[in-house]
Amino acid sequence: MWSCFCGDMPERPVRLKKIVMRGKNRDKSHLIWWWIIRFSKFFTQMRNSRLQEIFMWVFLFAPLMAVANDSIINHVSGSFSVETLHSSGTNLPFWLVHNRNGRYPRQGSSVQVASLCGEYDKVGLFNSSLRTQIGFDLTGAWSDRFDAHFNLLYAGLSFKSVKLDAGWFSDEENFSGLSSSNGHMESSLNARPYPKIRFGTNGFIPFFFFKERVGFKAVYDEGWLGENRYVENARLHHKSLFARLKISKSLWLTAGLNHYVYWGGVSPVLGPLPDDLQAYWLYISGRSGNEEFTTGDQINVAGDQLGAYYTELAFKQKNYSLTFYLSHPFEDHSGMELDNWRDNLAGVFLDFRGKSLINQVLYEFMYTVHQSGNVHLSGVMRGRDNYFNHSVYRSGHTNMGYAMSSPLFSPLQFNDGIVTYIENNRLKMHHVGLNGTLSEHLEWKGLMTFTTNRGTYQHAYDPERKQLSALLTLDYINESFPVDISVSVSGDIGELHPRQAGGLLKLSRKF
């Protein structure tokens, strides 16, 4: 499922507590019930009563099964961490706060953070392949004000090739966290997870008679975005389909797409937006709206539609692997039909599969300047694609003040604390990420990103703005030492973000 996210420290060798549900050890299951009760108090604050009911049943159902079979082995893991972040400017440097699941406040030159994470995993329920997982990441941050929230709070059930997940959870990290946007232009680990229910395959599964060479992966989920948006209580639909082909023993080809739709909710200008069953079908199928919808949605498509095609070619050897990947965005028919073929995130990832001064190297180039051209042809959905912005859903592809796409689509414009526009989505980017091992207990990671930024077609930067952002992290991990230690230094130089330098110190302990 998902590892408990408490920052970007590399994992210790996982130390799982094995608890056999007999005798005194059975009492440890009470810890799970205690957390369920705490979570229930949190859920009662949600405004959507139907959502409350769904989540409560999911979270209650998992621990009930956990105590149903006395012979099952449980796995419990957790961690606690404290962090302090400081900057020479008014805000923290770019890579010190981005691609971290939105866990840090957007503003403030000094931030103190404490996090408690936990995960409960049970495999083989009722002597079957059924698996249950519950996890959380409770974070408190002090800056200009105090904020406490669950960055992660989830439950999941999986059985053989299918799985059902519910709650606040993030996608898996790709390329060891070296990518500028987790390998996908339209979806990253930048923003705080939003509550959703997801049904899908349990990773890649064999495709019928071609199980030795062909596999596929698919998910379908619905999420709720709350009130801290221009369109309040909007929903976010997402589905994806990927296929993987084994070309040879060492060569694999993966291709697929992600599709997102913002739908429903209450606009401050238009009032309640369509959310009935017929409207839902128009949203998820990418069709034009009916008479319920605005004129723009009737001419174009219902809701705010976006997504990306993804292609990956992986060459795997015993001592190294080499991966090429390409993410191509679309906002309407012009993107889906490749009018914007110039705009892509392209990357290469080299993994030496060992412990040395340099273990892994990643390079990415992103170009999003074209956007199907400078002329918008109304009615045929061509030109000025304006990636991840929308005229009705004006908060765009963001959540809680962070872009859900590549974090390089920034800065964001705010009105009373609510995102109203992504002011820069036409850019060129060069990005390099590396990591390695300095000694038995000391590891390092570095990121450097250079961008040339042009704003948007509607509000262009003249002249264009250049920006350089960098990060260096050292991690000390020693089983015999009481805590893991992480130290980061980061800085920004350029015309897009203020010139500033900063640092992070993190102490954490897994248990």
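The values are calculated or read from the model by the stated rules, or taken from the named source; none is laboratory data. Here the structure is a predicted model, which means the values were calculated and not measured. Heads up, the Cβs are rebuilt from the backbone with ideal geometry, glycines too, and the neighbour counts pull from every protein chain shown.
If you take the residues of region 364-391 that are aliphatic (A, V, I, L, M), in a loop (DSSP other than H, G, I, E, B) and modelled with pLDDT under 95, which of them is surrounded by the most Cβ atoms within 10 Å (Cβ to Cβ)?
Met381
Looking at Phe80, is it surrounded by fewer than 21 Cβ atoms within 10 Å (Cβ to Cβ), without any contact (Cβ under 8 Å) to a residue 60 or more places away in the chain and not acidic (Asp, Glu)?
Considered against the rule, which asks whether it is surrounded by fewer than 21 Cβ atoms within 10 Å (Cβ to Cβ), without any contact (Cβ under 8 Å) to a residue 60 or more places away in the chain and not acidic (Asp, Glu), Phe80 comes out as no.
Which of the numbered conditions does Lys122 fail, given that it passes all the others? Conditions: (1) closer than 26 Å to Leu236 by Cβ; (2) modelled with pLDDT under 95; (3) touching a Ser or Thr at 6+ places or on another chain (Cβ under 8 Å).
All conditions pass for Lys122, except number (1).
Determine, yes or no, whether Gly200 is in contact with a Lys or Arg (Cβ under 7 Å, 6 or more places away or on another chain), at pLDDT 95 or above, under 17 Å from Phe242 (Cβ atoms) and not hydroxyl-bearing (Ser, Thr, Tyr).
yes
Which one of these is in contact with a Ser or Thr (Cβ under 8 Å, 6 or more places away or on another chain) and over 15 Å from Asn386 (Cα atoms): Thr311, Thr295, Thr323?
Going through Thr311, Thr295, Thr323 in turn, just one is in contact with a Ser or Thr (Cβ under 8 Å, 6 or more places away or on another chain) and over 15 Å from Asn386 (Cα atoms): Thr311.
Scan region 267-302 residue by residue and report those that are of a type in the set (Ser, Thr, Tyr), outside any helix (DSSP H, G or I) and in contact (Cβ under 8 Å) with a residue 24 or more places away in the chain.
Ser267, Thr294, listed by residue number.
Here is a list of conditions, (1) closer than 14 Å to Phe94 by Cα; (2) in contact with a Gly (Cβ under 7 Å, 6 or more places away or on another chain); (3) at pLDDT 95 or above, and Ala403 meets all of them except one; can you say which number that is?
Exception for Ala403: condition (2).
Residues of region 172-187 being in a loop (DSSP other than H, G, I, E, B) and out of contact with any Pro (no Cβ under 9 Å at 6 or more places or on another chain), which ones?
Glu172, Glu173, Asn174, Leu178, Ser179, Asn182, Gly183, His184, Ser187
For region 241-263, which residues satisfy the criterion of being without any contact (Cβ under 8 Å) to a residue 40 or more places away in the chain and either under 18 Å from the mean Cα position of the chain (by Cα) or in a strand (DSSP E or B) (or both)?
Selection gives Leu241, Ala243, Leu245, Lys246.
Going by the structure shown, is Ser187 more than 30 Å from Asp343 (Cβ to Cβ) and of a type outside the set (A, V, I, L, M)?
no
Within region 140-171, how many residues turn out to be more than 23 Å from Asn258 (Cβ to Cβ) and outside any strand (DSSP E or B)?
So the count comes out to 4.
In region 454-475, how many are closer than 20 Å to Leu92 by Cα, of a type outside the set (D, E, K, R) and either modelled with pLDDT under 95 or out of contact with any helix residue (DSSP H, G or I) (no Cβ under 9 Å at 6 or more places or on another chain) (or both)?
The total comes to 4.
In region 442-497, what residues are small (Gly, Ala, Ser), under 25 Å from the mean Cα position of the chain (by Cα) and within 25 Å of Leu412 (Cβ to Cβ)?
Those that are small (Gly, Ala, Ser), under 25 Å from the mean Cα position of the chain (by Cα) and within 25 Å of Leu412 (Cβ to Cβ): Gly455, Ser469, Ala470, Ser488, Ser490, Gly491.
Please determine whether any residue of region 160-173 is under 20 Å from Tyr309 (Cβ atoms) and either of a type in the set (A, V, I, L, M, F, W, C) or crowded, with 20+ Cβ neighbours inside 10 Å (or both).
So far as region 160-173 goes, no, none of its residues is under 20 Å from Tyr309 (Cβ atoms) and either of a type in the set (A, V, I, L, M, F, W, C) or crowded, with 20+ Cβ neighbours inside 10 Å (or both).
Go through region 188-240 and report how many residues are outside any loop (DSSP other than H, G, I, E, B) and of a type in the set (A, V, I, L, M, F, W, C).
Selection size over region 188-240: 12.
Within region 203-261, how many residues are buried (at least 18 other Cβ atoms within 10 Å of the Cβ) and of a type in the set (S, T, N, Q)?
Number satisfying all stated conditions: 3.
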